[in-house]
1. Report, ordered by the first and then the second residue, all pairs with beta carbons closer than 9 Å, sequence separation of six or more or different chains, a first member in region 105-131 that is without any contact (Cβ under 8 Å) to a residue 40 or more places away in the chain and among the small types (Gly, Ala, Ser), and a second member that is open to solvent by 60 Å² or more (accessible area, probe 1.4 Å) and outside any loop (DSSP other than H, G, I, E, B).
2. Please go through region 192-210 and pick out each residue that is within 25 Å of THR6 (Cβ to Cβ), touching a helix residue (DSSP H, G or I) at 6+ places or on another chain (Cβ under 8 Å), modelled with pLDDT of 85 or more and open to solvent by 40 Å² or more (accessible area, probe 1.4 Å).
3. Do we have any residue at all in region 86-97 that's touching a Cys at 6+ places or on another chain (Cβ under 9 Å) and surrounded by fewer than 18 Cβ atoms within 10 Å (Cβ to Cβ)?
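The values are calculated or read from the model by the stated rules, or taken from the named source; none is laboratory data. Predicted, not measured: the structure shown is a model, and the values here were computed from it. Cβ coordinates were reconstructed from backbone atoms using ideal geometry, including for glycine residues, and neighbour counts include every protein chain displayed. Heads up: the accessible areas ignore ligands, DNA and RNA and are worked out on the full protein's heavy atoms, side chains in. Shrake-Rupley method; radii C 1.70, N 1.55, O 1.52, S 1.80 Å.
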Amino acid sequence: MATEATFTVPSHQFPLGTVFEQLPDVTVTLERIIPAQDVVVPYFWVRGTVVDDIEGAFLDHPGVEDVRLVDSVADEYLLRVEWTLEYDGVLSALTETEVPLIKAVGTDQQWTFDVRGDDRSDIAAFQHRCRESDVPVTLTKLHALTPLETETEAALTDTQQEALVLAYDRGYFESPREVTMEDIGDELGISQQAVASRLRRGIKHILGSTIPETERLHR
């Protein structure tokens, strides 16, 4: 089932993050990603400032080929940037795993990325690729493309859902198991004990949401 996820990374972990060194109060929004051979060419907005040379506010960064002003209205600037995907980061992870980027918003605190996969394994592959590149992504939201969030999803915390999805995708619940809790902990950057706690509490929430209350009372 098609799945959308939201990830955050520190502001300096994305090429355009250098703008916040000069303009800490602005917001940068990427609204469209267009693959073009080996280069991704998006348009993005810079909002919340008025400067004569907005292009000059973007310092040199190894992940950026070129930044050009397209249009401006009051304190909003539309720019076009050409990336180099040789830079090992979020964009290269998106390209390699073929996970579409729906939207990205950056502030001086963090970048927030909304991505979409054909199923949850695509999201897990993107997250795994980021960790291989030492990009500290944090999963903050994960949901199937359904009209309403299910009660089960609502009962889970983000960390519980992240651990359960990863365990499922990696084959932890298969017989025999294809990975250990230690393997899952290595991917999440947490201890084996923390993985066990998240899985146990998550499974408890799922069972509490799916087993009818009348059956629980009679057992």
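1. Cβ pairs passing all conditions: ALA125/GLU96.
2. Within region 192-210, ARG198, ARG201, ILE203 qualify.
3. Checked region 86-97: no residue is touching a Cys at 6+ places or on another chain (Cβ under 9 Å) and surrounded by fewer than 18 Cβ atoms within 10 Å (Cβ to Cβ).
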